[in-house]
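Take a look at the structure set out below.
The values are calculated or read from the model by the stated rules, or taken from the named source; none is laboratory data. Just so it is clear, the structure is predicted and the values come from calculations on it, not from any experiment. Glycine also receives a Cβ, built like all others from the backbone with ideal geometry; neighbour counts cover every protein chain displayed. Heavy atoms of the whole protein, side chains included, go into the accessibility calculation; ligands, DNA and RNA do not. Shrake-Rupley method; radii C 1.70, N 1.55, O 1.52, S 1.80 Å.
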Amino acid sequence: MKWNRKDLLGLREVSAAEIRHILKTAKPMKEILFRSVKKLPTLRGKSVVTLFFENSTRTRVSFEIAGKVLGADTSSVAVAQSSVAKGESLLDTAKTIQAMQPDVVIMRHSSSGAAEYLANLLKVSVINAGDGQQEHPTQALLDIFTMQERLGDVAGRKVVIVGDILHSRVARSNAYGLLKLGAEVTFVGPPTLLPPEMKALGVRVTHDLESALPGADAVMALRLQLERQQRGLLPTLREYSKLYGLNLKRLALTGKDTLVLHPGPMNRGVEIDSALADSTYSVIEEQVTNGVAVRMALIYLLAGGGNTNDVA
Ligand code: CP
């Protein structure tokens, strides 16, 4: 498949064929990560800039590693120490970065739609590293990559996503991606964090975790986004954990060797019990490794890569 997109803004806009192409491209990328010398000349001379207006560990670092492994020059704008702190607008920051002639800009921003705004302004490629509550496409791609590695084709597989769905760009991107690939997706959470409109995405919706678990092939616990909570959306953390926290006893209700995923960062003891997060069911660290591979694939495709055979 020939890759024609300038930007990757979300999984809502991409086709199943494009998702498969990204995941297929990520496979040889992952092998490179396990070589003793993790450096290719593939994107030598290309330049990648990360621009994160929100905190991040996994996404920012894995994009930087991904670019470096492919031989690109990577630069990171430390927003708190940048001219943003002096009141520079997103438009002016974006134009300034573009004037430095990068090939790919990777942005995380607290406003939904910020990545699209940037992509419409800039001639260079933009990758959305999370915009408000809207999308986090590279997280969903790495989640699906991880499920595929462990389960094979996700078509027909049952995936349960539990937690703070209302504020979760990860849940939305996973729903778009997984449904396009034929999986069955169930969202679970308390009524205040799981509005009925979510059904419009094509997912099943329930407020009862224990009834959703039987038969699940993969269960993803979402971080309770305490920083985005408005007062009154939650009972106590203790009660939330009692009703919606994942633990080994609950997981046994699936009746299967179910995969346990978490996009991170985790609130241990709130949405996921430590014993489960560190158990053999957990693929949380694999998700992080796969995140580098998936982000390598995207930088490669957007920065002018074409044929996956070039990578080996
Ligand atoms: N999953 C995720 O986006 O993690 P970070 O916030 O650490 O990037």
With a Förster distance of 22 angstrom and the Cβ-Cβ distance between residue 112 and residue 55, calculated FRET efficiency to the nearest 0.05 equals 0.80
Please list the non-local residues whose amide H lies under 5 Å from the amide H of residue 157, H modeled 1.01 Å from N, same-chain partners needing a gap of 5 or more. 184
Using only the alpha-carbon atoms of the chain as identical scatterers, what base-10 log of I(q)/I(0) does the Debye formula give at q = 0.09, 0.10 Å⁻¹? -0.44, -0.54
What full-extension length gain, to one decimal in nm, is calculated for residue 83 and residue 210 as 0.36 nm per residue of separation minus the Cα-Cα distance? 40.8 nm
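First compute the accessible area of the chain with a 1.4 Å probe, then give the percent of it belonging to carbon and sulfur atoms. Don't skip to the end; give the middle numbers.
On the way: 6750 of 13620 Å².
Accessible surface attributable to carbon and sulfur in the chain totals 50 percent.
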Please work out the Kirkwood hydrodynamic radius for the range 20-101, using every pair of different C-alpha atoms, and report it in angstroms with one decimal place. 14.5 Å
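Under a Cβ-Cβ cut-off of 12 Å, what is the net charge of the residues other than residue 216 that fall near it, where Lys and Arg count +1 and Asp and Glu count -1? Before the final figure, lay out the partial values.
Details: positive: 157, 158, 204, 250, 256; negative: 184, 210, 217, 257.
Result for the neighbourhood of residue 216: +1.
Thinking of the range 231-294 as a set of Cα atoms, what percent of all their pairs are more than 17 Å apart? If you can, show how the numbers build up before the last one.
Details: 936 of 2016 pairs.
The share of Cα pairs beyond 17 Å in the range 231-294 comes to 46 percent.
Based on alpha-carbon atoms only, what is the radius of gyration of the range 87-161 relative to the globular estimate 2.2 N^0.38 Å?
Values: Rg = 16.1 Å, N = 75, 2.2 N^0.38 = 11.3 Å.
That works out to 1.42 for the range 87-161.
When ligands, DNA and RNA are left out and all protein chains stay put, how many square angstrom of accessible area per residue does the chain have with a 1.4 Å probe? Before the final figure, lay out each step's value.
Details: 13620 Å² over 312 residues.
That works out to 44 Å² per residue.
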Share, in percent, of DSSP beta bridges within the chain that are antiparallel, nearest 5: 5 percent
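Identify the trypsin sites (Lys or Arg not before Pro) of the range 113-177 meeting these criteria: DSSP loop state and at most 11 other C-beta atoms within 10 Å of the C-beta.
123
Just to confirm a number: summing +1 for Lys and Arg and -1 for Asp and Glu over residues other than residue 176 whose beta-carbon lies under 13 angstrom from that of residue 176, what do you get? If you can, show how the numbers build up before the last one.
On the way: positive: 12, 169, 172, 180; negative: 13, 18, 135, 143.
With Lys, Arg at +1 and Asp, Glu at -1, the net is 0.
Could you tell me which of the pairs 30/95; 2/30; 27/123 are separated by over 31 angstrom between their Cα atoms in the structure shown? Walk me through the numbers on the way to the answer.
Details: 30/95 34 Å; 2/30 21 Å; 27/123 29 Å.
The answer is 30/95.
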The range 191-243 versus the range 80-117: alpha-carbon centroid distance in Å: 33 Å
Can you give the extra length, in nm with one decimal, that the chain gains between residue 1 and residue 268 once fully stretched, where that is 0.36 nm per residue apart less the Cα-Cα distance? 92.0 nm
Once you put a point 7 Å from the Cα of residue 199 and another 7 Å from the Cα of residue 243, both along the Cβ direction, what distance in nm separates them? 1.9 nm
What figure, in Å² to the nearest 10, do you get for the accessible area of residue 285 with a 1.4 Å probe and non-protein molecules left out? 150 Å²
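So which chymotrypsin sites (Phe, Trp or Tyr not before Pro) in the range 8-80 pass both tests, a DSSP loop state and at most 15 other Cβ atoms within 10 Å of the Cβ? Spell out each step's value before the answer.
Details: sites: 34, 52, 53, 63; in loops: 34, 53.
Of the chymotrypsin sites (Phe, Trp or Tyr not before Pro), the ones in loops of the range 8-80 whose Cβ has at most 15 other Cβ atoms within 10 Å are 34.
Report the antiparallel proportion of the DSSP beta bridges in the range 36-170 as a percent, rounded to a multiple of 5. Provide the component values of the computation, followed by the final result.
On the way: 1 of 17 bridges.
Just about 5 percent of them are antiparallel.
Above 18 angstrom, tally the Cα pairs of the range 137-284 and express them as a % of all pairs, no decimals. Could the numbers behind the result be given before it?
Values: 5549 of 10878 pairs.
For the range 137-284, the share of Cα pairs beyond 18 Å comes to 51 percent.
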